[in-house]
């Protein structure tokens, strides 16, 4: 099918049709795929957008670009409508236009989000939204009026309306159903067993639970553990499970009202199943064949409730007791020490795990259980409180890497162990290689990120770059931030030329192993003791042929520039043109393979006032362009370059993209 666009006719009422919303005619016929690719090139954010429904009548916020494209012709209108209404966000409970919009465009909605849901909203979703793939629901104060049977009915109907005929499903033509669900709840109003009704969604693969409020330390911990264990039991087909606990968001009520509210919620919850096995027994699907193929659960046609319950118990004994979980993220709470080993023992396919703010559960037996039951682990994200460093005896980073030889990414924040002995890692990898195939192939680690409080970041960087075990390392970031400004930052002192600390560093070890594979390097949080050490390090960095992205601080660049004699360039002014300076200076450094250079703000930006030493001059920019001939993108922090210098560089060196709004902290 081909589309042509007719020119927009001129009208006398120019107020209704201006040049800003008019479209020029196409000069040739475009195929649909070609047209879609062309539009994607004009819209970097993509065609899929979120329509926000607010309280004011007829006030629906949509992507202005997508909405304007619908005004071209009826063919464009029919093409852009699915993209425009693919996502809807209901921000307020007073939804005047919600019923009309859902009734007209509900069949196009694939993602729906609402911060405060009620029964009418859920009923409208069941009636009109038959193509949902993502669902974001927020259960507020009125959620305690909902019963388990009502939520179960909603999820049953959503599952039934999203299936093709059984014959098409058996042929593999069945479309994707509701696969991603995010639920935000108040622990005071919403009981955990209400979530067991999610087992009615056979296509559910990604589940996120945001638990807010607090019902006491022990009660909150038991609440979150019950959610984690029982939801994984009810939804064994989940591939990703995330739970976020925020105890600071507390909705305070009078004491008597809170007690009455808790009793009311518990009374309503008792009408549902007593155990996760009972919730599985209540599952209903379109046909027995589809039910058995999806999860082996009994369908509605297999008799009454008690017969289905017994059939579910028999099928549960026949099914493997493992879960299909591949990603697990626990944020904000510390489960009991025996909870994580129980989860790991049933997740042999686990590939990514994130444990945040929970050093009390990260013990030696926990890591042993994870290494034993989850051999395919590839991503490990861990973080904790800094004031809890000395309370727990945890493993060091080299010990963790030795325990997981297949790990590809490790991201540790505020890790308590400061020792970093890589000799034990080398010996353990040699032993592992001899046991496996008799050959030492190095560690499979590709990304290493260590961020925390402390010192000695440069020493760790040198140890990693000289290690013979990191044969696949591609990204490296070691940064130690300070909660208070360090003396070096407070005094704004100039880095000395030579220091005793710099003379003790070992630069004699080869860096050839890591130099062959390293692609991204973040040195923003690394402090060099003197200028001589800075020069040594960056001269060794010139041999990294695979390095494409470098993130450094302007302090590093100032030290390098101060050791190089450069001709002085005139400061750009309003009369300066890009043709005034065409030649780059001759420098002693050359990084021919770096393409992206990132210079963010200092870590002390929140504690100190930026002065003139933080601003890069024109000579500094010319030094960077001369030292990095293949540079494509130069990302600078705000106020790190004057507007005149930025305009001059953009005009004189059009091959380099200059971005002056760099705020990201990671590569």
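Filtering segment 120-153 to residues that are under 17 Å from residue 106 (Cα atoms) and out of contact with any strand residue (DSSP E or B) (no Cβ under 9 Å at 6 or more places or on another chain) leaves 120, 123, 124, 126, 127, 128, 130, 131. Identify all residues within segment 205-223 that are within 23 Å of residue 277 (Cα to Cα) and in contact with a strand residue (DSSP E or B) (Cβ under 6 Å, 6 or more places away or on another chain); write none if there are none. Those that are within 23 Å of residue 277 (Cα to Cα) and in contact with a strand residue (DSSP E or B) (Cβ under 6 Å, 6 or more places away or on another chain): 206, 207, 208, 209. Residue count for segment 395-435 satisfying the condition of being at pLDDT 70 or above and assigned to a loop (DSSP other than H, G, I, E, B): 12.
Could you check, for segment 132-142, whether at least one of its residues is outside any helix (DSSP H, G or I), under 24 Å from residue 207 (Cβ atoms) and modelled with pLDDT under 80? The answer is yes, given that some residue of segment 132-142 is outside any helix (DSSP H, G or I), under 24 Å from residue 207 (Cβ atoms) and modelled with pLDDT under 80.
The values are calculated or read from the model by the stated rules, or taken from the named source; none is laboratory data. These figures come from a predicted structure and were not determined experimentally. For neighbour counting, all protein chains shown are included, and Cβ atoms are generated from backbone atoms with ideal geometry for every residue, glycine included.
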